[in-house]
Structures are given as structure tokens and as C-alpha cells.
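Step one of this worksheet: look at the structure below.
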Amino acid sequence: MGRKRLLDETDQLVARNIRYQRMQRGMSQDAVAHQLGLTFQQLQKYEKGVNRISVGRLVRIAKILNVPVSTLLDGVEESGGDDSSPSLRERLSDRLSVRLIEAFSSISRLETRRAFVTLLEQVTPAERDGPAAEGSLTGK
């Protein structure tokens, strides 16, 4: 039996970049996996940083997503710092965040948009200080 390896920060960063780029293009995991000759479960493991991605496969993923390989490696050189706050890209790789942005962008009245931002800013400190609600919301 093989040893279970610890998740590497670089693997996780590349994984988030892949997920972010795929979601930006409106591609499903199934569609990308099919082009790679994989199951969508295998692509999920790549996007979670559970399984490492070979250089060859990374190049194929970049071609499928129509981005330079360097885009999928974005941030790798800066990783390893002690800043634990999530980057904008990390935040946008979450399906709920994308849905929120899409819904917010569809609001045409500036007053409504400002009121919504104010409401979120008021709720945010209470959420941070309260018990973690992780897992109570789904990205579906």
C-alpha cells in the first residue's frame, strides 16, 4: 500500500488556478475531463490538489482552457509566504462566490448595489466572529 502524501501548497495553488480558469470559461468538469481522456472524478482530484498533475497533462489542460501554461502556474513563485488570507483567485474558485458575483452584476440600480454591499459589510464581521458554518452551504 502507498503512503498518503500531504497536500502541497503549490499543488493546491495550481489546482485552484485550473478550477478558476475552467469556471471562467463556463466549462464543466465533465467536458474538460472528456477532452483529457479522464473521468470527471479524476479532474476533481486535480482541482482539489489531491492528485499531482504531470507537466504533460498541465500543458494539455492549458490548451483545452486556451490559456498559457504560465496562467495555471500564476502565484507559484509567491507561494510559501506566511499570509494566510485567500487571494481573489482563491475566492473566485468557489461556486457560491461566482453565483454571488453573477447575481450582483445583474443588479442595474446603483442604489441597490450599494445597499447590498453595505449589508454584506455589516454581516461579515458577525460571521467571522461566530461559529464556523463550514459545510452548511453547498455550491449547487
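The figures follow:
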quantity	calculated
Unmet requirement for Q44, which otherwise passes all of (1) at pLDDT 85 or above; (2) under 22 Å from R19 (Cα atoms); (3) outside the structural domain of I18 (by TED's automatic domain parsing); (4) of a type outside the set (D, E, K, R)	(3)
Selected residue (criterion: nearest to R95 (Cα to Cα)) from residues of the stretch 47-67 that are crowded, with 18+ Cβ neighbours inside 10 Å and touching an Asp or Glu at 6+ places or on another chain (Cβ under 9 Å)	G49
Residue list for the stretch 39-58, restricted to those being aliphatic (A, V, I, L, M), in contact with a Leu (Cβ under 9 Å, 6 or more places away or on another chain) and assigned to a helix (DSSP H, G or I)	L43, L58
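The values are calculated or read from the model by the stated rules, or taken from the named source; none is laboratory data. None of these values were measured; they are calculated from a predicted model. Virtual Cβ from ideal backbone geometry, glycine too; neighbours counted across all protein chains shown.
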